[in-house]
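All of the numbers you see were taken from the coordinates with simple rules; none came from a lab. As the structure is a computational prediction, the values presented were derived from the model and not from experiment. Positions of Cβ are backbone-derived with ideal geometry, glycine not excepted, and every protein chain shown enters the neighbour counts.
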Amino acid sequence: MDLSGIISIAGMSGLYKVVAQTKSGFVVEALIDKKRIPVYAANKVSTLEEVRIYSTDEEVALKVVLQKIYDKENGGHSIDHKSADAELKAYFNVVFPQYDKERVYCSDIKKVISWYNALHKEGLLGKKEALKEEDKAKLDVPKKKVAKDVKVGAKTKAKETSSKPLKTASSKVKTQGVRKTGVA
């Protein structure tokens, strides 16, 4: 389950995926209706990767709780987040029995279940994470430098490629000019 780039914005319902970064914030796309909106520095934003749930021992990552719901439902849809409070608490107690019943409110449980259902609807939960972990293991193998043949005069020599990025005209840093005000 990959929660990178998925955010929740305070005061706005639903989940959003970060699409692009701007000078004053970034552009996000709603998971449900695919509408794009700008988000500014004044908005309170929470990334789902950093959300933690209080438990009796220590705080547990949201990713772990979502995986427990996924396992309980066998990859299916969860209960409705608009169910009665007692039903939601009983369901969450079955899924994650070690949650702190004093610090985790019913509104938090509703939010977690609604997030699960939104992520499930978009297909962002489940077996994709296992594949990504296998791919990460394959990618952790150190890469060897590739030798290129370079002609020097009549002789050919093998030269290792450098890991430095190439400088292009578009990679130059543009500076802003100073405005003269006429005041000495």
* Structure fact -> Surpassing 26 Å at the alpha-carbon level, of the pairs Lys23/Lys110; Lys89/Lys121; Lys72/Lys111; Lys44/Lys68, are Lys23/Lys110; Lys44/Lys68
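Under 8 Å for C-alpha pairs, at least 6 residues apart: give me the relative contact order for the stretch 6-128, rounded to a whole percent.
Averaging sequence separation for qualifying contacts and normalising by length gives 21 percent for the stretch 6-128.
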* Compute the normalised compactness of the stretch 6-128: alpha-carbon radius of gyration over 2.2 N^0.38 Å, N being the residue count. => 1.10
* Asked: Where in the stretch 25-76 are there GluC sites (Glu not before Pro) that are in a DSSP coil and have at most 16 other Cβ atoms within 10 angstrom of their Cβ?
  -> Glu49, Glu50, Glu58, Glu59, Glu73
* **Sites Gln21 and Lys121, calculated FRET efficiency, Cβ-Cβ separation with R0 30 Å, nearest 0.05** => 0.70
* To do: Starting with the fewest neighbours, write out Ile7, Ile32 ranked by other beta-carbon atoms found within 10 Å of each beta-carbon.
  => Ile32, Ile7
